[in-house]
Amino acid sequence: MNDLSPSDLKSILHSKRANIYYLEYCRVMQKDGRVLYLTETNKENQYYNIPIANTTVLLLGNGTSITQAAMRMLSQAGVLVGFSGGGGTPLYMANNVEHAIEWMTPQSEYRPTEYLHGWMQFWFNDEKRLTAAKVFQRERIQYIEKVWQKDRDLKNEGFVFKDELIQNSLQTFQTRTEAAIKQSELLLTEAQLTKVLYKYAANNTQTSNFKREHQSTDKANDFLNHGNYLAYGLSACTLWVLGIPHGFAVMHGKTRRGALVFDVADLIKDAIVLPWAFICAKENATEQEFRQQVLQAFTDHKALDYMFNTVKEIALAKHDDNDGNKGEETPL
């Protein structure tokens, strides 16, 4: 049987791909036309296949290495690669290891341009950019409603969308969002809502004295950090596929190079990452168990699809597509 290359495989649209991988203490390589990772033990070495045609993001943690040949195949398949610390956080960049979110993205001259053109038509206008930011905030709440009303496991843990506290908080959030006249007001309103959601989640899971600290070592904070980086991976993938650079943010400021990644990730973080971080911390789950739970929730609730649809709708709002292919994701 002849070896297959990524170009020989039928492309799976990124919005339909199922896999995010976090690997540590292994070597990623190309072998017989496939991308594998090798784990070394005292008794034997074991190879595991990575189905790159159905993968969006590959996070490489502690003790990992990757070959040039493997990177070439990952690039051809459109897989985003990021280097991170243990447990998936923090994310280290190729040329900046501080607070921006940056990914090693595949290089292609054939990314679509229609979404970038649409984005640029409003982005340089302060009022239109604010309007887009408000759309993100409304979609964020709609996704919480969609997930929390559908997910039985979350309901069993006390995460009820129609809870009076949640409804009152969301009403205040929506009122202040619509009244905002600048991005800083939206960020303040967002922070106030997230604080309420943290308190709600802590009460539901009997988590005492919780305080959000990015450098903390308690499990709830660790899982929040870990889950957020998984969401950033999906967000970066969405923007790369649609051809929109990460610097054209509508919420988190024009001076942060990866700020649009934060904007898009916020669509799903409160609905999925936040509750499961507290639930898994209460159950004393391992990082692997938490990661599997969050990734399964992303799949169950079509998080990547939601990101794609929201970004495409904002990019193409009030813009006609002459080729009749409006809103369609362009395959590799």
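The values are calculated or read from the model by the stated rules, or taken from the named source; none is laboratory data. The structure displayed is predicted, hence computed values, not measured ones. Every residue, glycine among them, receives a Cβ derived from its backbone with ideal geometry; neighbour counts consider all protein chains shown.
Among the residues of the range 106-114, is there at least one that is over 25 Å from Ala277 (Cα atoms), among the small types (Gly, Ala, Ser) and not assigned by TED's automatic domain parsing to the domain that holds Leu304? Yes, the range 106-114 contains a residue that is over 25 Å from Ala277 (Cα atoms), among the small types (Gly, Ala, Ser) and not assigned by TED's automatic domain parsing to the domain that holds Leu304. Touching a helix residue (DSSP H, G or I) at 6+ places or on another chain (Cβ under 6 Å) and among the hydroxyl-bearing types (Ser, Thr, Tyr) - does that describe any residue in the range 189-200? Yes, because at least one residue in the range 189-200 is touching a helix residue (DSSP H, G or I) at 6+ places or on another chain (Cβ under 6 Å) and among the hydroxyl-bearing types (Ser, Thr, Tyr). Every listed requirement among (1) crowded, with 20+ Cβ neighbours inside 10 Å; (2) assigned to a helix (DSSP H, G or I); (3) modelled with pLDDT of 90 or more is met by Lys199 save one, (1). Identify, please: which residue in the range 1-50 is among the small types (Gly, Ala, Ser) and at pLDDT 75 or above and is, among those, surrounded by the most Cβ atoms within 10 Å (Cβ to Cβ)? Only one residue fits best here, namely Ser15.
Would you check if Thr194 is farther than 30 Å from Arg17 by Cα, in contact (Cβ under 8 Å) with a residue 60 or more places away in the chain and in the same structural domain as Tyr143 (by TED's automatic domain parsing)? No; evaluated as a whole, the condition is false for this residue.
Of all residues in the range 51-75 being of a type in the set (S, T, N, Q), within 17 Å of Leu234 (Cβ to Cβ) and touching a residue at least 40 places away in the same chain (Cβ under 8 Å), which is surrounded by the most Cβ atoms within 10 Å (Cβ to Cβ)? So, considering only residues that are of a type in the set (S, T, N, Q), within 17 Å of Leu234 (Cβ to Cβ) and touching a residue at least 40 places away in the same chain (Cβ under 8 Å), the one surrounded by the most Cβ atoms within 10 Å (Cβ to Cβ) is Thr56.
Are any of the residues in the range 80-94 at pLDDT 85 or above and of a type outside the set (Asp, Glu)? There is at least one residue in the range 80-94 that is at pLDDT 85 or above and of a type outside the set (Asp, Glu).
The listed residues are Ala231, Ala179, Ala220, and the only one of them that is surrounded by fewer than 18 Cβ atoms within 10 Å (Cβ to Cβ) and among the hydrophobic types (A, V, I, L, M, F, W, C) turns out to be Ala179.
The set of residues from the range 128-148 being within 17 Å of Ala231 (Cβ to Cβ) and of a type in the set (A, V, I, L, M) comprises Ile141, Ile144, Val147.
Being surrounded by fewer than 20 Cβ atoms within 10 Å (Cβ to Cβ) and more than 22 Å from the chain's Cα centre (by Cα) narrows it down to one residue among Gln167, Gln215; which is it?
Gln167
Conditions tested, residue by residue: (1) at pLDDT below 95; (2) in a helix (DSSP H, G or I); (3) buried (at least 22 other Cβ atoms within 10 Å of the Cβ).
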{"residue": "Ala271", "(1), (2), (3)": "no, yes, yes"}
{"residue": "Ile279", "(1), (2), (3)": "no, yes, yes"}
{"residue": "Leu295", "(1), (2), (3)": "yes, yes, no"}
{"residue": "Thr299", "(1), (2), (3)": "yes, yes, no"}
{"residue": "Lys318", "(1), (2), (3)": "yes, no, no"}
{"residue": "Asp323", "(1), (2), (3)": "yes, no, no"}
{"residue": "Glu328", "(1), (2), (3)": "yes, no, no"}
{"residue": "Pro331", "(1), (2), (3)": "yes, no, no"}
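If you go through the range 154-177 and pick out every residue that is closer than 22 Å to Met307 by Cβ and either in a helix (DSSP H, G or I) or not assigned by TED's automatic domain parsing to the domain that holds Ala271 (or both), you end up with 5.
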